[in-house]
Amino acid sequence: MPKFVPYDVQVIRQRFPILNRKVKGKDLVYFDNAATAQKPIEVIEALSHYYSTYNANIHRGLHTLADEATAAFEETRNAVKEFIGAAHVEEIIFTKGTTESINLIASSWGEAFLSKGDEIILSSLEHHANIVPWQMIAEKKGAVIKVIPMNDEGQMDMNGFHALLSEKTKMVAVVHASNALGIIHPVEEIIRAAHERGAAVLIDGAQSSVHLDIDVREMDCDFYVFSGHKVYGPTGTGIAYGKKQILESMPPFLGGGEMIKEVSFEKTTYNDLPFKFEAGTPNIADVIALRPALEFINQLGKFAIREHENALLIEITARLQQVEGVRIIGAVDHKVPVVSFVADGAHPQDLAYLLDNNGIAVRTGHHCAQPLMKRLGIVGTTRVSFAAYNTLQEVDAFMVALEKSLKMLR
Ligand code: PMP
């Protein structure tokens, strides 16, 4: 049985050195967690420990340092497998982020499985990372992209989705939780319906992996992708999970060392999974330091983190709804802890600047989801996104700074 650890946000904050810093003379309030999360001390120390004691290239070396580095690297693969409930460790491919993971899958899976006239279904809420790679492969193979419509709140129109499905559908690639609005989409229904038509499904888990319990076997998605830096891990780490049978039938993405069994000018044979998709020297240090990040989440438990973050989300939502001229976009119940809003008479960029003067970091703009902004008829939003270490006092500080900033802008 895991040991019960009471949720003490002040104790948790002590594990994040950056939270002690000041910005513009004020205590930092970091509300841009959907862009990237801050790192606990264990992650920072793992990086330093690797470089100061066992830096070596992995998988090939026959010396102590190489063995230690290889073991640590592969331990993270195992930790990721557990984190998302994959069946096999070789289904976990390391990339440098969600973007590279989707490019890998779109390019390699698309090469093997797409033909002229085939259809790829995306949603109106996708991050550019889950649009552009599909456009690139669609253009190459003569495939067609169809878009799931949404309602004014930012929820996917499920009737619209079912109407798009046909025998031509080969791939449905959708975001689990929208980075721009925080809305959690009914991926289980999407996966079931797509599979009934024989289509594969990719779930963009960049925003869901840190907040929701992920079990890829239960979900039954064919691919699940996410970034290490959004789950309290280092930048430059990403995961492409794919069902073994499908990954085995896909050609490699990048060619080079590590991904081969034998190379000759006559014929090269490729390595087994997962190495077939990991050409060249990977991001060893950062992958190793991803493991303590996952351990941080596991120690607290996603349920406890969610309870804490949801309390912040409920509080800020209620308080924003009371501010004159502020409109929350996507104010629905089923959300990750993200709140996106527009304010009359205040351009999001000006607001971000004024909030920063108060030490508060938020994200503003189109959130790499320009088609969504166009659909909503807005230029952008101001987005607050919470993590395990945020507090109600920070919400208070934010609300005071917001009201002050709005007065200055209006
Ligand atoms: N998809 C979603 C939903 C995201 O939020 C992000 C990051 N903002 C990405 C994809 C791209 O992730 P990365 O930049 O880490 O590759």
Leu392/Arg60 FRET efficiency (R0 60 Å; Cβ-Cβ; nearest 0.05): 0.75
Overall dimensions of the range 268-410 by Cα: Rg and Dmax, Å: 19.7, 66
Roughly how many whole Å is it from the C-alpha centroid of the range 243-299 to that of the range 336-410? 39 Å
Taking a ≥ b ≥ c as the square roots of the eigenvalues of the Cα gyration tensor, with a/c under 1.5 meaning rounded and otherwise prolate when a/b exceeds b/c and oblate if not, the range 1-139 is oblate
Select from the range 232-295 those GluC sites (Glu not before Pro) which occupy a DSSP coil region and have at most 12 other Cβ atoms within 10 Å, ordered by residue number. Glu266
At 0.36 nm per residue, minus the direct Cα-Cα distance, what do Asp356 and Lys22 gain on full extension? Give it in nm, one decimal, please. 119.1 nm
Can you give the relative contact order of the range 45-298 as a percent, counting alpha carbon pairs under 8 Å and 6+ residues apart? 24 percent
Write down Rg/Rh for the range 135-209, rounded to two decimals, with Rg from the C-alpha atoms and Rh from the Kirkwood relation over Cα pairs. 0.96
Scoring only Lys, Arg, Asp and Glu (+1, +1, -1, -1) among other residues with Cβ under 9 Å from the Cβ of Ala293 yields 0
Out of the total accessible area of the chain (probe 1.4 Å, heavy atoms of protein only), what percent is carbon and sulfur? 52 percent
Kindly provide the pair-distance distribution of the chain built from C-alpha pairs, with 20 Å bins from 0 and whole-percent values in order of increasing distance. 26, 55, 18, 0
On a full-extension model of 0.36 nm per residue, what is the gain between His334 and Met158, subtracting their alpha-carbon distance, rounded to one decimal in nm? 61.8 nm
At a Förster radius of 45 Å, what calculated FRET efficiency corresponds to the Cβ-Cβ distance of Gln245 and Asn310, to the nearest 0.05? 0.75
Quick check: the distance between the Cα centres of the range 89-162 and the range 7-63, to the nearest angstrom? 32 Å
Take the chain, connect every pair of alpha-carbon atoms lying under 10 Å apart with a spring to form a Gaussian network, then pick out the residue of Val326, Val362, Val339 with the largest mean-square fluctuation. Val326
The Kirkwood hydrodynamic radius of the range 224-274, taken as the inverse of the mean 1/r over all distinct Cα pairs, in Å, comes to 13.0 Å
Quick one: order Thr235, Thr95, Thr364 from most to least accessible surface, probe 1.4 Å. Thr235, Thr364, Thr95
Can you give the translational diffusion coefficient of the range 259-343 in µm²/s, computed by Stokes-Einstein from the Kirkwood radius over Cα pairs at 4 °C and 1.567 mPa s? 74 µm²/s
Calculated [θ] (222 nm, deg cm²/dmol) that DSSP helices of n ≥ 4 give over the chain, each run adding -39,500 (n - 2.57): -12000 deg cm²/dmol
Tell me, what does the Kirkwood hydrodynamic radius of the range 126-253 come to in angstroms if you use every pair of distinct C-alpha atoms? 15.5 Å
Within the chain, which is the longest segment that contains none of the chymotrypsin sites (Phe, Trp or Tyr not before Pro) sitting in a DSSP loop with at most 11 other Cβ atoms within 10 Å? 5-264
Looking at the chain, what % of its DSSP beta bridges pair antiparallel, to the nearest 5? 60 percent
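The values are calculated or read from the model by the stated rules, or taken from the named source; none is laboratory data. Owing to the predicted nature of the structure, the values given are computational and were not obtained by experimental measurement. All Cβ positions, even for glycine, are placed from backbone atoms using ideal geometry, and neighbour counts span all protein chains on display. Ligands, DNA and RNA are stripped out before the accessible areas are found, and what is left, the full protein with its side chains, is counted by its heavy atoms. Shrake-Rupley method; radii C 1.70, N 1.55, O 1.52, S 1.80 Å.
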